[in-house]
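Taken together, the values in this text are just the output of simple stated rules run on the coordinates, not laboratory data. As the structure is a prediction and not an experimental result, all values here were calculated from the model. Virtual Cβ from ideal backbone geometry, glycine too; neighbours counted across all protein chains shown.
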Amino acid sequence: MPMIQVDLRRDLFQAKGEAISKAIHAGLIEGLDMPADDLFQVYRPHDEGEIVFSPDFGGADRRDLVLIRVTMVHMFPADVKQRMYTAVARHLEAAGVRHDDVLISVVEVGFEDWYSGAPLSE
């Protein structure tokens, strides 16, 4: 059950928020073999000047920044996470977000670190 948090410019969210949401979800389904009904996303749109980034760090040609934080259970090997990054970036590019403008960060937690609304055991 990955939980997705996305920081991006407010005008980008207003113009392409739904397409970005669908692209990220499709990339997670493809990259992690995630079930299609596993959808938990939070968007934090920002005004001008609230997102500060290096335009060329790591050899990128960044003109904008769409920061995606994926919180998920520590269970995927590095190659699967790489497959997920590639799939998300490819789907976002198809939605009109340049791959150089995407930064994905994974935060891994244990199974015991989640409560998903299921009944609690006594």
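Looking at 44, 83, 9, 62, which one is within 14 Å of the chain's Cα centre (by Cα), surrounded by 16 or more Cβ atoms within 10 Å (Cβ to Cβ) and of a type in the set (Lys, Arg)? Of the residues listed, the single one that is within 14 Å of the chain's Cα centre (by Cα), surrounded by 16 or more Cβ atoms within 10 Å (Cβ to Cβ) and of a type in the set (Lys, Arg) is 83. Return yes when residue 50 is farther than 20 Å from residue 1 by Cα, of a type in the set (Asp, Glu), surrounded by 13 or more Cβ atoms within 10 Å (Cβ to Cβ) and free of Cβ contacts under 8 Å to residues at least 24 places away in the same chain and no when it is not. Judged against the criteria, residue 50 is not a match.
Residue count for region 65-80 under the criterion of being under 14 Å from the mean Cα position of the chain (by Cα) and of a type in the set (Gly, Ala, Ser): the result is 0. In region 1-8, the condition of being farther than 14 Å from residue 70 by Cβ and in a helix (DSSP H, G or I) is met by no residue.
Of the residues making up region 65-80, those that are part of a loop (DSSP other than H, G, I, E, B) and either buried (at least 16 other Cβ atoms within 10 Å of the Cβ) or touching a strand residue (DSSP E or B) at 6+ places or on another chain (Cβ under 6 Å) (or both) are 65, 74, 76. Test residue 116 against the criterion of being among the polar types (S, T, N, Q) and part of a strand (DSSP E or B), and give yes or no. It is false that residue 116 is among the polar types (S, T, N, Q) and part of a strand (DSSP E or B). Does residue 100 fit the bill of being free of Cβ contacts under 8 Å to residues at least 60 places away in the same chain, acidic (Asp, Glu) and either assigned to a helix (DSSP H, G or I) or on the phi > 0 side of the Ramachandran plot (or both)? Yes; evaluated as a whole, the condition is true for this residue. Residues in region 104-122 that are surrounded by 10 or more Cβ atoms within 10 Å (Cβ to Cβ), free of Cβ contacts under 8 Å to residues at least 60 places away in the same chain and farther than 17 Å from residue 21 by Cβ: 6 in all. Of all residues in region 31-41, those being within 13 Å of the chain's Cα centre (by Cα) and more than 21 Å from residue 117 (Cα to Cα) number 2.
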